[in-house]
Amino acid sequence: MILGPNGAGKSVLMRLCHGLLTPVAGRIVWHGARNGDVRRHQAMVFQRPVMLRRSALENVIYGLKLAGKSREECRLRALDVLEVVGLAQHAYRPARVMSGGEQQRLALARAWALGPDVLFLDEPTANLDPSATQDIERIINAIHASGTKIIMTTHNLGQARRLGDEILFMSKGRLMEQTPVDRFFGEPVSSEAAAFIKGEMPWD
Amino acid sequence: MGLIRTAALALAMAGVMQAATALAQQKSITVASTTSTENSGLFKHILPIFKAKYGIDVRVVAQGTGQALDTGRRGDADVVFVHDKEKEQVLVKEGAFVNRHDVMYNDFIVVGPKTDPARVGGSKDVIGSFRKIAAARAAFASRGDKSGTHAAELRLWKAAGVDPATGKGSWYRETGSGMGATLNTAAGMGAYALTDRGTWLSFKNKATLTISVEGDQRLFNQYGVMLVNPAKHAHVKKDLGQAFIDWLISADGQKAIADYKINGEQLFFPNAGK
Amino acid sequence: MDLNIITENWLFLYYVEICMTSFGDAFAAAWALIAGFDGELADIVLLSLKVSLSAVVLATAIGLPLGAAIAVERFPGRQVLIVILNALMGLPPVVVGLLVYLLLSRAGPLGTLGILFTPQAMVIAQAVLITPIIAALSRQTIEDAWREYDEQLRSLGARRLSAAMTLIWDTRFSLLTIVLAGFGRAAAEVGAVMIVGGNIDGVTRVMTTAIALETSKGDLPLALGLGIVLIGLVMLLNALAAVIREMAQRKYG
């Protein structure tokens with residue numbers, strides 16, 4: 001869980017790690033390898049789901065095809081994933097006419113289908129209502145249970161408590177602390193974190 | 001996927017080009033002629049007769065005489081059929097064309113508004129009429145496009161001792177267009193204009209225009225045909241082109257020309273070899 | 001004074017009647033052309049369609065990839081190129097005709113092809129005219145889409161080329177509108193095809209040059225009639241495209 005006030009640099013950090021942004025100085029290192037090769041084992045879901053003008057199933061297949069799987073493999077895997085996220089009956093509907101919550105579930109399905117080692121989530125429920133948020137959280141937990149490491153940001157402190165194992169707190173572009181979730185909300189190490197939790201630091 | 005599509009397209013285009021070249025093998029020649037011959041409908045009448053006899057497709061590009069001569073000079077046509085004898089002969093001397101022959105003549109007429117502001121209606125004296133038009137500063141629509149008609153018009157002004165350029169922008173209007181467009185303008189403006197009888201007879205927008213001056217010897221308009229010099233342009237279809245020229249000046253071709261009538265009135269008078 | 005008013009009104013009505021008669025004649029001429037299944041008209045219409053469609057296909061084959069490439073790539077001078085491309089959309093057709101004529105004339109560099117005064121020359125001239133339109137407008141469309149899809153596509157691992165093609169497919173309906181605009185521009189122009197085609201009866205005479213010819217012969221009702229047929233044709237094609245877009249929109253969202 002990456003937490004921090006607006007403008008702290010949470011999104012930037014995730015995009016740097018995922019390789020969407022190139023660092024001006026310094027390097028990103030994964031298990032000792034350079035970033036370029038590693039994107040295959042990662043996936044990202046954004047605050048607004050970006051769907052292609054095709055069916056839900058085709059959108060999931062698109063990601064799998066890019067990973068080089070055969071057409072049949074892609075179809076089967078895609079249908080499986082859609083089943084798990086509860087979108088199987090919408091598989092052939094055009095993705096862009098689905099509701100926000102359904103599209104976000106679809107985005108998660110698409111990411112999960114790739115079997116990533118790491119899944120980045122950039123405020124995935126910020127635009128959703130409570131019931132849709134619940135669905136998303138359930139899916140995130142399922143993905144986590146299947147072995148994928150989740151790195152996500154949120155402004156919903158309750159959600160952070162519910163889902164997170166470890167909190168990375170950022171402020172003014174720097175990583176302030178890295179604390180297990182229980183201890184973070186009780187005794188944060190940095191003063192900025194304390195202020196943040198109290199609600200006194202919505203912006204940086 | 002996009003690459004395959006582009007490749008398929010290239011193949012298709014190649015196919016089209018190939019078919020086009022094949023089509024070009026069918027016997028045909030390109031003749032650069034004037035708007036007066038085209039608009040009068042003469043070609044529509046005589047070309048089918050020629051094709052039936054010789055199986056040669058004649059493709060007429062109708063431009064003004066000036067442009068047609070230029071087209072021939074560049075080698076973009078095989079034969080040129082225009083009506084500016086002076087210029088034609090100059091170009092033959094220069095070597096751009098060969099084998100020039102008279103083919104037919106028609107006459108020019110001066111058309112003008114029924115109201116006849118310059119009082120030239122019914123006259124047989126074109127030079128005098130031009131002087132009257134200039135004196136009255138009556139509206140005159142000129143082609144102004146270096147065509148055969150335009151050249152003839154300028155010669156008439158010269159003979160009348162009038163410089164029409166003095167009237168530019170007021171009564172002398174240069175349209176820079178073909179005969180039909182100029183007549184449209186004249187009809188719209190109620191202006192006088194010099195036109196060949198052929199175009200006039202087949203012109204459908206006469207409005208308030210009528211024939212003002214005709215019958216003057218000096219309104220004689222000679223048409224000539226010549227071959228683009230194959231020595232200058234190797235690709236010229238000299239045999240097919242010559243066949244067309246020979247037919248035009250033969251008894252057969254001359255008769256076809258004489259037979260062309262609109263409302264019983266003959267437009268062009270064959271005079272090859274006369 | 002009363003007499004003046006009466007005369008003025010009468011003159012006005014007279015002119016209105018002339019206009020109406022001309023239009024009436026034009027519609028009558030148009031109807032006669034269509035109903036009579038005039039063979040010559042059919043040839044002219046067919047040639048117009050062949051030439052403009054070929055030109056649009058050629059222009060799209062060149063312009064679309066060009067527009068897509070400029071949309072997704074970043075290189076020095078890119079902004080300048082975009083400005084030039086946009087400006088070229090306003091190329092005067094008659095100037096294009098002159099340039100292509102000089103190119104294809106026997107006296108010109110491509111003279112040995114011998115395609116002046118043929119439909120091929122007309123296709124080339126029209127293609128030159130509408131390629132900038134298709135390139136510039138598709139560049140705009142794809143760049144807008146790129147902005148929306150950029151991060152997600154890169155996250156999924158799409159390379160530049162593959163992403164560009166995905167974008168082209170995804171924006172296909174907007175692109176169809178652009179292609180139609182190109183077709184409309186091609187079918188409507190007369191300057192370029194007149195110069196490079198020569199308006200040869202039965203060979204390079206298309207609707208627009210036929211209209212110009214009939215006008216110059218003073219046969220205005222016929223010219224107007226041909227014009228009505230041309231407009232009708234273009235409208236029909238646009239209606240067809242609208243129907244296709246509507247059906248596809250419902251299917252794909």
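Bear in mind these aren't lab numbers, they're just calculated from the coordinates by the rules spelled out. Please read all numbers here as calculations on a predicted model, not as lab measurements. Here Cβ is always computed from backbone atoms with ideal geometry, including for glycine, and neighbour counts include all displayed protein chains.
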Report task. Would you work out which of B:F269, B:F203, B:A251 lies farthest towards the positive end of the dipole of chain B, given +1 charges on the beta-carbon of Lys and Arg and -1 on that of Asp and Glu, about the Cα centre? Result -> B:F203
Query - More than 31 Å apart - percent of Cα-Cα pairs taken over chain C - result: 41 percent
Query - Cβ charges +1 (Lys, Arg) and -1 (Asp, Glu), total dipole of the protein assembly as shown, debye - result: 1340 debye
Query - Helix C:172-188 axis, angle to chain C major axis (alpha carbon atoms, nearest 10°) - result: 40 degrees
Requested in this report: Treating each Cα of segment C:15-138 as an identical point scatterer and ignoring solvent, apply the Debye formula and state log10 I(q)/I(0) at q = 0.12 Å⁻¹.
Outcome: -0.68
Query raised in the report: Beyond 40 Å, what share of the Cα-Cα pairs of the protein assembly as shown remains, rounded to the nearest whole percent?
Result: 53 percent
Query raised in the report: Given H placed 1.01 Å from N in the peptide plane, which residues other than close sequence neighbours of A:M44 have an amide H under 5 Å from its amide H?
Result: A:F120
Query raised in the report: What's the Cα-based Rg to Rh of segment A:39-115, Rh via Kirkwood?
Result: 0.92
Requested in this report: Could you work out the Kirkwood radius for segment B:149-202, taking every pair of different alpha carbons, averaging 1/r and inverting it, reported in Å?
Outcome: 11.9 Å
Query - Quotient of Cα Rg and 2.2 N^0.38 Å for chain B, N being how many residues it contains - result: 1.15
Report task. Give a residue-ordered list of calculated ³J(HN,Hα) values for segment C:231-243 (Karplus: 6.51 cos²θ - 1.76 cosθ + 1.60, θ = phi - 60°; whole Hz; x for Gly, Pro). Result -> 4, x, 4, 5, 5, 4, 4, 5, 4, 4, 5, 4, 4
Query raised in the report: In deg cm²/dmol, rounded to 500, what helix-only [θ] at 222 nm does chain A give when every DSSP H run of at least 4 residues adds -39500 (n - 2.57) and the total is split over its residues?
Result: -13000 deg cm²/dmol
Query raised in the report: Looking at chain B, do any whole DSSP H helices span at least 30 angstrom along their long axis by alpha carbon and average -0.5 or above on Kyte-Doolittle, and which?
Result: B:2-25
Query raised in the report: Which value in deg cm²/dmol, rounded to the nearest 500, describes the helix-derived mean residue ellipticity at 222 nm for chain C, given -39,500 (n - 2.57) per DSSP H run of n ≥ 4 and division by the residue count?
Result: -28000 deg cm²/dmol
Query raised in the report: Can you give the convex hull volume per residue for the Cα atoms of segment A:79-204, as a whole number of Å³?
Result: 120 Å³
Query raised in the report: How big is Rg to Rh over segment C:96-202, alpha-carbon atoms, Rh as the Kirkwood inverse-mean-distance radius?
Result: 1.18
**Report entry** Between 0 and 90°, nearest 10: helix A:56-66 axis offset from chain A longest Cα axis
**Finding:** 80 degrees
Report summary line: In deg cm²/dmol, rounded to the nearest 500, the helical mean residue ellipticity at 222 nm of chain B, built from -39500 (n - 2.57) for every DSSP H run of length 4 or more, is -14000 deg cm²/dmol
Requested in this report: Work out the P(r) tail for segment B:146-274: percent of alpha carbon pairs separated by more than 27 Å, whole number.
Outcome: 36 percent
**Report entry** Cα-centre dipole for chain A with unit charges at Cβ (Lys and Arg positive, Asp and Glu negative), debye to 20
**Finding:** 820 debye
**Report entry** Between 0 and 90°, nearest 10: helix A:130-145 axis offset from chain A longest Cα axis
**Finding:** 90 degrees
